[in-house]
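First the structure, in the form of structure tokens, and then the observations on it.
The values are calculated or read from the model by the stated rules, or taken from the named source; none is laboratory data. From a predicted model like this one, the values you see are computed outputs, not experimental measurements. Neighbour counts run over all protein chains shown; Cβ positions are idealised from the backbone, glycine included. In case anyone asks, the SASA skips ligands and DNA or RNA and just uses the protein heavy atoms, side chains included. Shrake-Rupley method; radii C 1.70, N 1.55, O 1.52, S 1.80 Å.
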Amino acid sequence: MAPRKIIIDTDPGQDDAVAILLALASPEEIEVLGITAVAGNVPLELTAKNARIVCELAGHTHIPVYAGCDTPMKRPLVTAEHVHGKTGLDGPLLPDPEMPLADGHAVDFIIDTLRAHEPGTVTICPLGPLTNIATAFQKAPDIIDKVQEVVLMGGAYFEVGNITPAAEFNIYVDPEAAEIVFKSGAHIVVMPLDVTHDALVTPHRIDAFRALDSKVGHAVAEMTDFFERFDKEKYGSEGAPLHDPCVTAYLIRPELFSGRHINVEIETQSELTLGMTVADWWRVTDRAPNAMFMGDVDAAGFFDLLTERLARL
Ligand SMILES: [Ca+2]
């Protein structure tokens, strides 16, 4: 089978970095057409820079990286330096990128790429707030039907929230954008906290990255080490969740994940629960299903895949 063509929309972020590395290490299954940066974990200037740092770390400097939206559609930006550090990629010492940003706006790249390909052949992989994707859908509604799938990290149901008691960070930062994407009619696969909170980087798993004894292995070990400190304290768990790589792992080994095709709505009004993904897991409404909402991951299989692929870079 030909590799699946994808656009990675991202706000790196240590876990975004690992998700990108996994994609770049898997050319049999994934062809990365381009990377689009969005403001999220840190401001756009840094996410656009970090995306290039990660491409250079992987030795894939031919991948075009575009800068996108620098603020959510209707709200001021909320960032997460408390999790990811000042740069967004705190942990390893990586050089500033030499590769330039690609010319043009990320939203136009998304629109042009979908229009240039056969319908149903390009998958969008959002790893941050959905601002770029929603803006593209609003500006060019004709592309919505052309999307093969939107496979995104965001939201939560049983795990509820991580940035507020009710909301997961990516959805909370731009709930209006999330609403546009979830109501768009595109095929959507969601990796919520319910899944990612099972994909924990334990000390043993970080050691496996370090044992690759490569530039990428050491960088990933240092990134996940950094990331882990914060989350271990917060959740009292044995390690931090590695959220975004669940998206790219799904493209390689979908059988590692299971979930339900259900209705998911986004709360955009309530101050208390803003950005909540109201997922009809028990199918108690007659609202039409609009997303494959994952609930489980084979964590051992996920980390085996990740370690095996990172060893190739
Ligand atoms: Ca992210």
Looking across the stretch 164-202 at residues that are modelled with pLDDT under 95 and open to solvent by 10 Å² or more (accessible area, probe 1.4 Å), the single one that is farthest from Ile124 (Cα to Cα) is Thr202
Are any of the residues in the stretch 16-28 outside any loop (DSSP other than H, G, I, E, B), touching a Ser or Thr at 6+ places or on another chain (Cβ under 8 Å) and away from the ligand (no atom under 12 Å from the Cβ)? yes
Pairing a residue in the stretch 120-137 that is aromatic (Phe, Trp, Tyr) with any residue that is open to solvent by 10 Å² or more (accessible area, probe 1.4 Å), where Cβ atoms lie under 6 Å and the two sit 6 or more apart in sequence or on different chains, gives Phe137/Ile144; Phe137/Ile180; Phe137/Ser184
Taking the stretch 273-295 and keeping residues closer than 13 Å to Pro175 by Cα and open to solvent by 30 Å² or more (accessible area, probe 1.4 Å) leaves Thr273, Met276, Val278
Checking Asp225, Asp298, Asp231 in turn, the sole residue that is at pLDDT 95 or above and acidic (Asp, Glu) turns out to be Asp298
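Let's see how each residue does on (1) open to solvent by 20 Å² or more (accessible area, probe 1.4 Å); (2) within 25 Å of His117 (Cα to Cα):
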{"position": "Glu31", "(1), (2)": "yes, yes"}
{"position": "Gly34", "(1), (2)": "no, yes"}
{"position": "Ala58", "(1), (2)": "no, no"}
{"position": "Leu93", "(1), (2)": "yes, no"}
The number of residues in the stretch 29-48 that are assigned to a helix (DSSP H, G or I) and more than 15 Å from the ligand (Cβ to nearest atom) is 1
